[in-house]
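The values are calculated or read from the model by the stated rules, or taken from the named source; none is laboratory data. Because the structure is a prediction, the values reported are computed rather than measured. For neighbour counting, all protein chains shown are included, and Cβ atoms are generated from backbone atoms with ideal geometry for every residue, glycine included. Heavy atoms of the whole protein, side chains included, go into the accessibility calculation; ligands, DNA and RNA do not. Shrake-Rupley method; radii C 1.70, N 1.55, O 1.52, S 1.80 Å.
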Amino acid sequence: MKTLRLREGKERSLQRRHPWIFDSAIARGGADAGETVRVESHEGKFLAWAAFSPSSKIRARAWSFDETQRIDAAFFIAAVAAAVSARGRFDLKSDGMRLVHGESDGLPGLIVDRYGDTLVAQFLFAGVERWKDVLIDALLAATGLSKLYERSDASTRALEGLQPVTGWLRGDSATDLTIQEHDWRLTLDIAEGHKTGFYLDQRDSRKKMADYAQRLQFQRVLNCYCYTGGFTVAALAGMRAGGSVGHVTSIDSSGPALERAAANVALNGFAPDSVTFMDADVNASLRQFAAQGQTFDCIVLDPPKFAPTAAHADRAARAYKDINRLAFKILEPGGVLFTYSCSGGINADLFHKIVASAGIDAGVDGYISERLGGAPDHPMTINFPEGEYLKGLVILRK
C-alpha cells in the first residue's frame with residue numbers, strides 16, 4: 001500500500017474527518033490516479049484511507065478514517081446501499097431524487113440522480129473513476145433498475161485530468177423523461193440538460209413558492225433565470241390553487257430551455273397566455289422593467305453559479321448585489337422575493353450581507369421570512385460543510 005506523509009501540523013482537518021487533502025499539505029508520497037493510499041501524519045500515525053489524484057489541487061480524498069477498513073468492492077457496495085437506503089427516510093414528493101451526493105455520502109466525486117426508472121451518474125473524481133464498474137453494478141443492484149446514463153461532462157472533471165464522457169453505461173432508451181414533482185409534472189433531457197438534466201435541489205423551494213402564491217394570491221410573478229420553468233409551473237399551480245388568475249414572466253437566455261419551459265406549462269394544463277417567456281439578459285430586463293415602472297408582487301432570482309470557489313467571491317458578490325438591488329426596486333411593497341445563491345464560494349452569512357446591502361442601495365427593507373437550502377436528498381453533513389452550496393432567502397418587502 002502506497003503512503004502519503006503529511007507536513008507537520010496538517011493533520012487537523014483529517015482528525016475532524018474532513019475528507020479533503022490539498023497538495024500543499026503533503027510532505028511526500030504519491031500514487032496512480034484513483035489509487036488507494038494510506039495517509040499518515042508527520043509522525044507516521046494513521047489518519048485515513050484515501051484515493052489519490054495526481055492532477056488536482058485536492059490531491060487526495062478520504063474514503064475511510066477507520067484503519068481496519070478494507071477499500072474494496074464490498075466497501076463501495078455497502079456505501080452505495082447506505083446512501084440509497086437513506087433516501088427512503090426522507091419525505092421526497094417526487095420520483096426524481098438525488099441518491100448519492102458525493103462527500104456527504106462518503107463517495108467523493110460521485111453524483112447520482114434518479115429520474116423515474118433511470119439513473120444518471122457523474123464520476124467527477126479520479127477515485128470513483130477507478131471504481132466505476134463496481135459502482136455502476138452497486139447502483140443498479142441497490143435500486144433494482146436497469147438503465148444508467150453517464151453525464152461526466154462537468155468542468156471539475158478536467159481538474160482531475162479526466163476527459164468528459166457521456167452516454168449510456170447500462171441500458172438504452174430515450175433521454176427525454178418526465179418526472180412527477182409534488183402536484184405537477186416536469187420534463188427534462190438527461191443528455192442535454194444542466195447538471196444531470198434538472199435542478200432537483202430546488203424541489204422543496206418550488207413547493208414553498210407555490211404555497212406562498214396560493215396563500216398570498218400573487219397576480220404578477222417574475223421568474224428570473226427560469227431555465228425549464230420549474231418555478232414558473234410552481235407559481236401557476238399555487239395561484240390556481242388560491243383562486244387567482246395570475247401571470248408569470250419568465251426570463252432566460254437559452255432558447256431551448258424556454259421551449260421546454262413552455263412545454264412544461266402546457267403539460268400541466270395552464271393556458272399559454274398565462275406566461276410571457278423572454279429570451280433575454282436578466283440584468284438588462286430588470287433595468288428595463290424599472291425604467292418602465294413595471295412591478296411584480298413576487299420575484300424569483302435563481303441565477304447560475306457566480307462563484308465556484310472563494311477566490312471568485314468578490315466578483316460574484318457584486319453580481320449578486322446588482323440583481324438583488326434591481327429586483328428590490330421593482331418588487332411591490334408587501335411583495336415577496338425568493339433569492340438564491342448556488343455558489344460554493346459564497347457562504348450563507350455573506351449571502352445575507354450581500355442581499356442586505358442590495359436592499360440598502362435600493363432604499364428597501366424587508367422581513368426575512370425563511371432561510372432555504374437544498375432539498376434533503378442533497379445533504380450537508382456535520383463534517384463536510386462544503387455540502388451546503390445552495391442558500392436561499394424569502395424576503396417580504398415592507
Output for segment 82-186: chymotrypsin sites (Phe, Trp or Tyr not before Pro) sitting in coil per DSSP, at most 16 other Cβ within 10 Å, listed by number, reads F90
Dipole check, segment 200-253, charges on Cβ (K,R +1; D,E -1), about Cα centroid: among Q202, Q217, L236 the Cα furthest to the positive pole belongs to Q217
For G30, other-chain or 5+-apart residues with amide H closer than 5 Å (H placed, Pro excluded) are T3
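Using a 1.4 angstrom probe, figure out how much accessible area the chain has per residue, in square angstrom, rounded to the nearest whole.
43
Roughly to the nearest percent, how much of the accessible area of the chain is carbon and sulfur, given a 1.4 Å probe?
C and S atoms contribute 50 percent here.
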Charge tally for neighbours of T228 with beta carbon under 11 Å away, counting Lys, Arg as +1 and Asp, Glu as -1, is -3
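Charges only on Cβ, +1 for Lys and Arg, -1 for Asp and Glu: so what's the dipole of segment 239-302 about the Cα centre, in debye to the nearest 20?
140
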Given 18-26, 360-368, the highest-first ranking by average Cβ count within 10 Å works out to 18-26, 360-368
Once phi for every residue in segment 113-123 is put through the Karplus expression 6.51 cos²θ - 1.76 cosθ + 1.60 (θ = phi - 60°), the whole-Hz ³J(HN,Hα) values, with Gly and Pro written as x, are 10, 10, 10, x, 9, 10, 9, 10, 10, 10, 9
The size of the Cβ-based charge dipole (Lys, Arg +1; Asp, Glu -1) of segment 84-142 about the Cα centre, to the nearest 20 debye, is 120
Checked against a 19 Å limit on the C-alpha separation, the offending pairs among K208/K305; K45/K132; K207/K391 are K208/K305; K45/K132
Here the tail fraction of P(r) beyond 30 Å, over all Cα-Cα pairs of the chain, rounds in percent to 44
Most packed first (mean Cβ within 10 Å per residue), the peptides 330-342, 196-208, 77-89, 222-234 order as 222-234, 196-208, 330-342, 77-89
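Could you check what % of the DSSP bridge pairs in the chain are antiparallel, to the nearest 5?
Roughly 65 percent of the beta bridges in the chain run antiparallel, per DSSP.
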At the level of C-alpha centres, the distance separating segment 23-53 and segment 274-330, in angstrom, is 44
Checked against the positive end of the charge dipole of the chain (+1 on Cβ of Lys and Arg, -1 on Cβ of Asp and Glu, about the Cα centre), the farthest of S56, N283, H352 is H352
The extension gain from T309 to D23, computed as 0.36 nm times the residue separation minus the Cα-Cα distance, is 101.3 nm
Between A348 and D322, the two model label points (7 Å from Cα along the beta-carbon direction) sit apart by a distance in nm of 2.8
D32 neighbourhood, Cβ < 12 Å, K/R = +1, D/E = -1, net charge 0
Asserting the computed 222 nm helical MRE of the chain (DSSP H runs at least 4 long, -39500 (n - 2.57) per run, divided by residue count, to nearest 500) equals -9500 deg cm²/dmol
